Amino acid sequence: MISSLAVKQGVFIVLEGIDGSGTTTQLELLRQKLQARASTVVTTREPSDGVLGALIRQILACPEEHHTLSSWGTMALLFAADRLHHVESTIVPVLKSGAIVLSDRYDASSLGYQSLASGLDGKDALEWVRSLNRFALRPHLTVVLDVPAEDAARRRRIRGGRPELYEQSELQKKLAAFYRDLASILPNDRIECVDGIGSVEEVSVRVENVVMPFLE
């Protein structure tokens, strides 16, 4: 098990939100602001850029071509395996160097996406996914971009491209509610929810207003 104490030299920050919430855009803007303050910053993402992450991205982009792999349980296992490799190969080495790691998504995405996609009632799916990720390094801070599902769907339409596996309106509505309640789902983590509605610059300022005091 990898503990936060083992890598306390650096800081691990995660941005989370539903599809179209702007995590990728805000992660890059945050990187620029941190680097402008002379911080050493490394950005990463999940699925990772490793072999397992590449497979997951293929399944997300073309689920009908990988129908035998796209069940919620299989996806939960793939994400958990990719995450542990991601932590060991990328995140921990960077943290041990004393740098800041910014990740576009982490285990909160698995808890939400796979458990809600299961279609199961109660907390069975959530707790199973949680158990798969119990040895994952905990972030020092998770920032959730709170965007209503309808607004996120409009952004995805403007962005264009083929809808991915989890970009279904009803699932995205459930995910938006899940993320708003993330602090109770991960009570031992530091979770900050930020209003993701407004211009890119307005949201960026809100993210900065949460992250900078935390770092100081």
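The values are calculated or read from the model by the stated rules, or taken from the named source; none is laboratory data. Computed from a predicted model, the values in this text were never measured in an experiment. Here Cβ is always computed from backbone atoms with ideal geometry, including for glycine, and neighbour counts include all displayed protein chains. To get the accessible areas, we keep the full protein, side chains included, count just its heavy atoms, and leave off ligands, DNA and RNA. Shrake-Rupley method; radii C 1.70, N 1.55, O 1.52, S 1.80 Å.
In the context of the full set of protein chains, residues of the stretch 121-203 present 57 Å² of accessible surface per residue (probe radius 1.4 Å, heavy atoms only).
Need one word for the stretch 1-91: rounded, prolate or oblate. Basis is the Cα gyration tensor (sqrt eigenvalues a ≥ b ≥ c); a/c below 1.5 gives rounded, then a/b vs b/c decides. It comes out oblate by the Cα gyration axes.
What percent do you get for the relative contact order of the chain when only Cα pairs under 8 Å and 6+ apart count?
32
Probing with 1.4 Å while keeping every protein chain in the model, the per residue accessible area of the stretch 1-86 equals 47 Å².
Counting only Cα atoms, I'd like the Rg/Rh figure for the stretch 9-150, Kirkwood definition for Rh.
0.98
All other residues whose Cβ lies under 12 angstrom from that of Val194 are scored, Lys and Arg at +1 and Asp and Glu at -1, for a net of -4.
Roughly how many percent of the accessible protein surface of the chain is carbon and sulfur, given a 1.4 Å probe and a whole-percent answer?
With neighbouring chains kept in place, the figure for the chain is 54 percent.
For the pair Leu55 and Met212, a Förster radius of 30 Å applied to the C-beta separation gives a FRET efficiency near 0.25, rounded to the nearest 0.05.
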